[in-house]
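See below for the structure under consideration.
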Amino acid sequence: MKSPLLSLPGAVPAEGVDEDVAAHYGDLFREQRALADGTGFVDLSHRGVITVTGDDRLSWLHLLLTQHVSELPVGQATEALILSANGHIEHALYLVDDGTTVWAHVEPGTQEALLAYLESMKFFYRVETADRTADTAVVHLPAGSIAEPPQGAVVRETPYGRDLFLPRANLEAYAEKAGPAAGILAYEALRVEHHRPRLGFETDHRTIPHELGWIGTAVHLQKGCYRGQETVARVQNLGKPPRRLVFLHLDGSEVHLPPAGTGIRLADDGPDGRRIGFITTSARHHELGPVALALIKRNTPPDAPLVADTTAASQELVVEP
């Protein structure tokens, strides 16, 4: 859903799945610094919002998700995945329970497929699911923010900041009080800095949780069965994932950032070297300069210099080889 905050001064629309919110409001690095200092907010109103109500909501979700949620305390944020039967990541949910309702935000445009799956799994459980995207907007307050959430807002608090679920009709009024606004590019640069994967960016049709460091944060290893658990357990106990997420420091002398999908090779192999991975997200960080997340072959030496197309890159471990 296109955000009304695109009418704010200086707003430049983002691209791709984020096109319905602002990429920035005229000064990318100022917006990043504001978020890093704990001020301002990010408009995430394009993200899908779903709710689950009913007495069985937590025990039912516990059967479907990779996370342990059967006894999720009221107000405690968590994140979870839904996997295919083969253990590949299909959905990522960012959850909080307010005592009567589980609220979750998901990637833009994925809520319909997610709800279709949830509806197919209701059986005799006392649960109701709903798509609340049309009437609910997500706003992000950065870590360290002292801004008070509006009365009645559902708050999901994490180490990286607070996600607010607001009535969509109140979004413009909230923005007037909560400024300054920061665009999605500033938010994404800090996400890359913190090595946080994003569905559809760091994932493809064959990604498993181990490759991205989602074990522990989104996947609980001591809970009951769920779809795809056999793959999770087998890789965890008997093997290693074929790829691993890595954080890259990119050559700052290059004018252009290597975009998502740019092939990566070992620098020592020369320009004709074989591809060992690809950029998933690249960003210009206000302190670190050009950086990126990438998926590379697991057995790539951690100290090996890399090249993304023609841009030199050095690794910082996210997932151990």
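What does region 95-152 give for Rg and for Dmax, in Å, if only its C-alpha atoms count?
Over region 95-152's Cα set, Rg and Dmax evaluate to 14.3, 44 Å.
Cut-off 15 Å, label point 7 angstrom out along Cα-to-Cβ of Asp56: give me the residues of region 94-125 whose amide nitrogen falls inside.
Under 15 Å, as judged by backbone N against the label point of Asp56, lie 118-125 of region 94-125.
Going 7 Å from the Cα of Asp204 in the Cα-to-Cβ direction, what parts of region 211-232 have a backbone nitrogen less than 16 Å from that spot?
From region 211-232, the list is 211-212.
Plugging the Kirkwood radius over Cα pairs into Stokes-Einstein for region 178-229, at a temperature of 4 °C and a viscosity of 1.567 mPa s, what D comes out in µm²/s?
After rounding, the answer is 97 µm²/s.
With a 1.4 Å probe and every protein chain kept in, tell me what percent of the accessible surface of the chain is carbon plus sulfur.
Ligands and nucleic acids excluded, carbon and sulfur reach 52 percent.
Excluding ligands, DNA and RNA, what is the solvent-accessible area per residue of the chain at a probe of 1.4 Å, expressed in Å²?
Per-residue value: 45 Å².
Report the longest stretch of the chain that contains none of the chymotrypsin sites (Phe, Trp or Tyr not before Pro) sitting in a DSSP loop with at most 10 other Cβ atoms within 10 Å.
125-321
At what distance in nm do the modelled label points of Leu317 and His68 sit from each other, each positioned 7 Å from its Cα along Cα→Cβ?
Those two pseudo-labels are separated by 2.6 nm.
Compute the projected area of the convex hull of the Cα atoms of the chain, averaged over all viewing directions, and report it in nm² to one decimal place.
That works out to 16.3 nm².
Return the loop-located trypsin sites (Lys or Arg not before Pro) in region 236-318 (DSSP other than H, G, I, E, B) with at most 14 other Cβ atoms within 10 Å of their own Cβ; answer none if there are none.
Here the trypsin sites (Lys or Arg not before Pro) that fit, given the DSSP loop and packing criteria, are Arg274, Arg275.
Out of the GluC sites (Glu not before Pro) in region 1-107, which ones are loop residues according to DSSP with at most 13 other C-beta atoms within 10 Å?
Within region 1-107, the qualifying GluC sites (Glu not before Pro) (loop, at most 13 other Cβ atoms within 10 Å) are Glu15, Glu71.
Once you have a ≥ b ≥ c as the square roots of the Cα gyration tensor eigenvalues for region 169-263, tell me rounded if a/c is under 1.5, and otherwise prolate or oblate according to whether a/b is larger than b/c.
It comes out oblate by the Cα gyration axes.
Under a 5 Å amide H to amide H cut-off, with H placed in plane at 1.01 Å, what residues pair with Ala312 once short-range neighbours are removed?
Asp251
Multiply the residue separation of Glu112 and Lys177 by 0.36 nm, subtract the distance between their alpha-carbon atoms, and state the gained length in nm to one decimal.
20.2 nm
For the chain, what does -39500 (n - 2.57) per DSSP helix run (n ≥ 4), summed and divided by total residues, give at 222 nm, in deg cm²/dmol to the nearest 500?
-5000 deg cm²/dmol
Amide H to amide H under 5 Å from His91: which residues, 5+ apart in sequence or cross-chain, H placed 1.01 Å off N in plane?
Ile82
May I have the pair-distance distribution P(r) for region 228-268, computed from all Cα-Cα distances with 10 Å bins from 0 and rounded to whole percent?
P(r) over region 228-268, rounded to whole percents: 18, 38, 20, 19, 5.
By its C-alpha gyration tensor, with a ≥ b ≥ c as the square roots of the eigenvalues, how is region 127-177 shaped: rounded for a/c under 1.5, else prolate for a/b larger than b/c, else oblate?
Taking the square roots of the gyration eigenvalues as a ≥ b ≥ c, region 127-177 is oblate.
Can you give the FRET efficiency to the nearest 0.05 for Glu287 and Glu128, using r as the Cβ-Cβ distance and R₀ = 41 Å?
So the FRET efficiency works out to roughly 0.35.
Just to check, using Stokes-Einstein with a Kirkwood Rh over alpha carbon pairs, what's the diffusion coefficient of region 1-138 at 37 °C and 0.692 mPa s in µm²/s?
199
Karplus couplings for region 77-93 from phi (6.51 cos²θ - 1.76 cosθ + 1.60, θ = phi - 60°), rounded to Hz, Gly and Pro as x?
Working through the residues one at a time gives 6, 8, 9, 8, 10, 10, 10, 6, 4, 8, x, 7, 6, 10, 9, 10, 10 Hz.
Would you list, by chain and number, the lysines whose Cα falls below 25 Å from the Cα of Lys177, excluding same-chain residues fewer than 8 positions away?
Those lysines meeting the cut-off are Lys2.
Work the Kirkwood hydrodynamic radius out for region 265-321: mean of 1/r over every pair of different alpha-carbon atoms, inverted, in Å.
Hydrodynamic radius (Kirkwood, Cα pairs) of region 265-321 is 11.9 Å.
When only DSSP loop residues count, what trypsin sites (Lys or Arg not before Pro) in region 1-61 have their Cβ near at most 13 other Cβ atoms within 10 Å?
Filter output for region 1-61: Lys2.
In straight Cα distance, which lysines are under 18 Å from Lys297, not counting same-chain residues fewer than 8 positions off?
Lys240
Around Val154, which amide H atoms from residues at least 5 apart in sequence, or from another chain, sit under 5 Å from its own amide H, with H modelled in the peptide plane?
It is Phe165, by chain and number.
I want the local charge near Val318. Using Cβ-Cβ distances under 11 Å, sum +1 for each Lys or Arg and -1 for each Asp or Glu among the other residues.
In short, -2.
Is region 104-219 rounded, prolate or oblate when judged by the Cα gyration tensor, a ≥ b ≥ c being the square roots of its eigenvalues, rounded requiring a/c under 1.5 and prolate requiring a/b larger than b/c?
oblate
Based on the Cβ-Cβ distance from Gln236 to Thr158, what FRET efficiency comes out when R0 is 30 Å, to the nearest 0.05?
0.80
The values are calculated or read from the model by the stated rules, or taken from the named source; none is laboratory data. Since we're looking at a predicted model, the values are computed, not measured. Cβ: placed from backbone, ideal geometry, glycine included. Neighbour counts: every protein chain shown. When the accessible area is computed, the model is the full protein with side chains, heavy atoms only, and any ligands, DNA or RNA have been set aside. Shrake-Rupley method; radii C 1.70, N 1.55, O 1.52, S 1.80 Å.
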